[in-house]
Amino acid sequence: MATPTSCLSFPLLILSLLFSSTFDQISAVGFPINVWPKPTTFFWSHPQAKPLSPIFTIATPYHQYLTPAIERYRRQVLNEHHKPLVSPSVNLTSTTPLQTLTVSVTDLTTPLTHGVNESYALSIPAVGSTAYLKAETAWGAMRGLESFSQLVWGDPLRVASELYIYDSPLFEHRGVMLDTSRNFYGVSDLLRLINAMGMNKLNVFHWHITDSHSFPLVLPSEPDLAGKGSYGEEMKYSPEDVQRVVEFGLERGVRVLPEVDMPAHTGSWAEAYPEIVACANMFWWPAGSAWADRLASEPGTGQLNPLNAKTYEIIKNILRDITTMFPEPFYHGGADEIIPGCWKANPSIQAFMDDNGTLSQLLEIFVNSTFPYIVSLNRTVVYWEDVLLDAEIKVNPSFLPPENTILQTWNNGPNNTKKIVSSGYRAIVSSSDFYYLDCGHGDFLGNDSQYNQPPGSDQGNGGSWCGPFKTWQTIYNYDITYGLSEEEAKLVLGGEVALWSEQADSTVLDPRIWPRTSAMAEALWSGNRDETGMKRYAEATDRLNEWRYRMVTRGIAAEPIQPLWCIRNPGMCNTVNPF
């Protein structure tokens, strides 16, 4: 990643020194117009604006994905005519309108992969008709274009001027995980999600495509998996759909990371191949059984049988297709929530155990039969943390070389992150205590007696295992490297919010995700603290109100975080008394 020091080589910095006044970095509190996520360096000591020409153009060399992004942003800048909730108090200069944004990219050949340089520098002088955007890569240029678009508003159009930004992210992995198995989302929903991710400078769409409930992905080598395991003909993703999603993401700087969860969460496979799936279509928690003897942690049973050779024939076909359809160098292999009772219900596995085999050895057989093959396809393997940290079924670390393995944590907050990185593994943080967007909406069991409590009873978490609801402030304030040493923190790649879809579908997709995910986007891009080291959630509130409103005008149905009255009456919705 480029550092602020490397920015000194940019011609833009020289240009910025030619501005009519000296620049001092100031807090965003005083800015009449803002960029979300807040840039790491933002110089605008004398806020002013200039007209934007109605024939405004963006000049740049050709790039397969940057060129369509530039045309998209040019149209947006000219047509959006954003009207902020609070009219910016900015001096409108009578200088020549801004006619051109000149974009220069040092390396147009760098592909979109983990760790790609996303830095950019943006200079909008007070004098002259040209602004300048400089980036090391096309992907950094896209981040700069988004920032520029947020600095344009009004009718007639105006743009912030005498301004200089240098910007780069704190964390390289900033993502959203969406489960499309429990409930189906149309391709248009996925595209809208990715579009909003680009607006928020997020860069990874983690697509949890399949699970026990449905298998919606059409695979050329294994057509029966979706043919029999999907919810129906209208609830499938064809290879053409996948290509559209992937290309759409590339035009917005968003990688598409596929997950086909296994060996657990595979009940939908049994519609096509019942012989390779243990405990398929059985009742998830048999009557009279202890919780420890359940077959699954929620309705929808099924785990692959690692002792059946055909299991690996099917898996290899799936993996070949996946790596052809998704160019992303990371592949998510799942490996979470392997339930002992399910495997024990299978006769061949029970015989294995009767011969002194253990369930952890069974998982090691599975990993040893699949992990090397995934690596041979030039993929880095991402697993949920359970594969190494589960209390009952886990592999010996020797089966998972850290150079080829990334672990995604979702339990026990910073404690499990610490366990992962202290063992030498890279980590992606998705703590359910902070980043699970489905929490706080109860549960989906049809006859759950915990909802039938006498009036006055303690409602606890309202039936949600990971309740309460994760507010945007909770998400914004989470420090994903909390409790880690400096060296350990280097192994944290970033984070992902997660929307599991037992109780979500396209009708609630936008408000479940936005603007709470915007909170994570800023925390992972430029941090959640101000220049003095204090948490800046209070200062972020007005900015997020404005940003949420702008997302809504751009077609994203983000939920409100306050009454409109609050932003129209600054400070009146705060408290001067501690809780």
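The values are calculated or read from the model by the stated rules, or taken from the named source; none is laboratory data. Just so you know, these numbers come straight off a predicted model, no measurement behind them. Glycine also receives a Cβ, built like all others from the backbone with ideal geometry; neighbour counts cover every protein chain displayed. Protein only, heavy atoms only, side chains kept; ligands, DNA and RNA dropped before computing areas. Shrake-Rupley method; radii C 1.70, N 1.55, O 1.52, S 1.80 Å.
Details
- Point-charge dipole on Cβ atoms (K/R +1, D/E -1) for region 255-369, about Cα centre, debye to 20: 100 debye
- Convex hull (Cα only) mean projected area of region 314-403, reported in nm² to one decimal: 6.3 nm²
- Pair GLN76, THR109: separation of 7 Å Cα→Cβ label points (nm): 3.0 nm
- Coil-residue GluC sites (Glu not before Pro) of region 232-302, DSSP, other Cβ within 10 Å capped at 14: GLU233, GLU234
- Calculated P(r) of region 136-283 - Cα pairs past 24 Å, %: 45 percent
- Placing +1 on the Cβ of every Lys and Arg and -1 on the Cβ of every Asp and Glu, with nothing else charged, gives the chain a dipole about its Cα centre of roughly 1920 debye.
- Computed from label points 7 Å out along Cα-Cβ, the spacing between ASP354 and SER221 is 3.5 nm.
- For GluC sites (Glu not before Pro), the sites in region 353-399 that DSSP calls loop and that have at most 15 other Cβ atoms within 10 Å are GLU392.
- From the coordinates shown, semi-axes √(5λ) of the Cα gyration tensor in Å corresponds to which of (1) 42, 40, 23; (2) 60, 43, 18; (3) 45, 26, 22: (3)
- Nearest-ten-degree value, helix 66-79 long axis tilted from longest Cα axis of the chain: 60 degrees
- GluC sites (Glu not before Pro) within region 492-579, DSSP loop, no more than 13 other Cβ atoms inside 10 Å: GLU531
- All other residues whose Cβ lies under 13 angstrom from that of GLU172 are scored, Lys and Arg at +1 and Asp and Glu at -1, for a net of +4.
- Using only Cα coordinates, the Kirkwood hydrodynamic radius of region 406-562 works out to 17.1 Å.
- Residues of the chain: accessible area per residue with a 1.4 Å probe, Å²: 40 Å²
- Region 398-491 - charge dipole about Cα centre, Lys and Arg +1 at Cβ, Asp and Glu -1, debye rounded to 20: 140 debye
- Among ALA489, GLY446, PHE42 the positive-end extreme of the charge dipole of the chain (Cβ point charges): PHE42
- Helical runs assigned H by DSSP (4 residues or longer) give the chain a calculated mean residue ellipticity at 222 nm of -9000 deg cm²/dmol, each run adding -39500 (n - 2.57) before division by the residue total.
- In angstrom, the C-alpha Rg and Dmax of region 103-202 are 16.3, 55.
- Per-pair calculated FRET efficiency, R0 = 25 Å: THR474 and GLN453 via Cβ, rounded to 0.05: 0.45
- Modelled label positions at LEU85 and ARG568, each set 7 Å beyond Cα in the direction of Cβ, lie 1.1 nm from each other.
- Carbon plus sulfur fraction of accessible area for region 44-90, probe 1.4 Å, in percent: 55 percent
- Too-long pairs where the Cα-Cα distance tops 19 Å, listed order kept, from LYS38/LYS201; LYS201/LYS419; LYS236/LYS310; LYS344/LYS394; LYS134/LYS535; LYS236/LYS316: LYS201/LYS419; LYS236/LYS310; LYS134/LYS535; LYS236/LYS316
- Annotation: amide H of LEU217 within the under-5 Å range of TYR237, sequence separation 5 or more or interchain, hydrogens built in the peptide plane.
- Against the chain, whose longest principal axis comes from its Cα atoms, helix 138-150 is set at around 60 degrees.
- Angle in degrees between helix 187-199 and the longest Cα principal axis of the chain, rounded to the nearest 10: 50 degrees
- When each of the peptides 561-571, 437-447, 327-337 is scored by how many other beta carbons lie within 10 Å of its residues on average, the order from highest to lowest is 327-337, 437-447, 561-571.
- Shown in residue order for region 359-368 are the 3J(HN,Hα) couplings computed by the Karplus curve 6.51 cos²θ - 1.76 cosθ + 1.60 at θ = phi - 60°: 5, 5, 5, 5, 5, 5, 4, 5, 5, 5 Hz (x for Gly and Pro).
- Burial order of peptide ranges 370-379, 412-421 (average beta-carbon count within 10 Å, highest first): 412-421, 370-379
- For the peptides 210-216, 466-472, the ranking by packing is 210-216, 466-472, with the highest mean count of neighbouring Cβ atoms within 10 Å listed first.
- For THR102, residues with placed amide H under 5 Å, excluding near neighbours: ALA59, ALA131, TYR132, LEU133
- Put simply, the amide H of VAL382, placed in the peptide plane, has neighbours under 5 Å in TYR331, HIS332, GLY333, ILE406, leaving out anything fewer than 5 places away on its chain.
- Efficiency of FRET between ASN404 and ASP155 - r from beta-carbon atoms, R0 51 angstrom, step 0.05: 0.40
- Using θ = phi - 60° in the Karplus curve 6.51 cos²θ - 1.76 cosθ + 1.60, the 3J(HN,Hα) couplings for region 498-512 round to 9, 10, 7, 10, 4, 10, 9, 8, 4, 5, 10, 4, 4, x, 5 Hz; x is entered for Gly and Pro.
- Each of VAL367, LEU217, THR474 was scored by the projection of its Cα onto the charge dipole of the chain, and the greatest displacement toward the positive side belongs to THR474; charges sit on the C-beta of Lys, Arg, Asp and Glu.
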